[in-house]
1. Between N31, N90, N7, which is over 24 Å from the mean Cα position of the chain (by Cα), open to solvent by 80 Å² or more (accessible area, probe 1.4 Å) and free of Cβ contacts under 8 Å to residues at least 60 places away in the same chain?
2. Since M33 meets every condition but one in (1) farther than 14 Å from C96 by Cα; (2) in contact with a strand residue (DSSP E or B) (Cβ under 9 Å, 6 or more places away or on another chain); (3) at pLDDT below 95, which condition does it not meet?
3. Of everything in region 57-68 that's more than 13 Å from Y101 (Cβ to Cβ) and either open to solvent by 70 Å² or more (accessible area, probe 1.4 Å) or without any contact (Cβ under 8 Å) to a residue 24 or more places away in the chain (or both), which residue is farthest from the chain's Cα centre (by Cα)?
4. From the set of residues in region 94-111 that are open to solvent by 30 Å² or more (accessible area, probe 1.4 Å) and in contact (Cβ under 8 Å) with a residue 12 or more places away in the chain, which is nearest to T47 (Cα to Cα)?
Amino acid sequence: MATKCINCGENIIGRTDKKFCCDQCRYGYNNKMKRQSEKLIIDINKTLRKNRKILKQFNPEGKTTIRTEYLEKLDFDFRYFTHTFTTKNNNEYRFCYEYGYLKIDDEKTLIVNWQPYMES
């Protein structure tokens, strides 16, 4: 009795424990499984890049304060960030790569670029 390829369904010729009819089906199947398992990672990275782009747009150099509603209008997703930095005053900055933000209050957000002096 011939076994079927788990990718295309064709009959497999050869060893009884083979799962694929050819290398192309094996590559295609494994790539499809990898894409499905990494979709969450890809989606999160897409959100992080979008957040970074928005922060960069409002803060091309250094530091600026903007109304939080501007970030919200551009669909900035406050749930996603790459890392945090807590100052000596216990202010927690959230970063999307090298661009960070600190919600001052419900209406204002401070945007900064990562600077080496922040580490000390």
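1. That would be N90, the only listed residue that is over 24 Å from the mean Cα position of the chain (by Cα), open to solvent by 80 Å² or more (accessible area, probe 1.4 Å) and free of Cβ contacts under 8 Å to residues at least 60 places away in the same chain.
2. (2)
3. First, pick out the residues of region 57-68 that are more than 13 Å from Y101 (Cβ to Cβ): 60-62.
From the residues that got through so far, the ones that are either open to solvent by 70 Å² or more (accessible area, probe 1.4 Å) or without any contact (Cβ under 8 Å) to a residue 24 or more places away in the chain (or both) too are 60-61.
On the way: P60: 22, E61: 24 Å.
Among them, the one singled out is E61.
4. Taking the candidates together, the pick is Y97.
The values are calculated or read from the model by the stated rules, or taken from the named source; none is laboratory data. The structure displayed is predicted, hence computed values, not measured ones. Cβ sites come from the backbone with ideal geometry, for glycine too, and all protein chains shown count toward neighbours. Side chains are part of the model used for accessible areas, which takes the heavy atoms of the whole protein and leaves out ligands, DNA and RNA. Shrake-Rupley method; radii C 1.70, N 1.55, O 1.52, S 1.80 Å.
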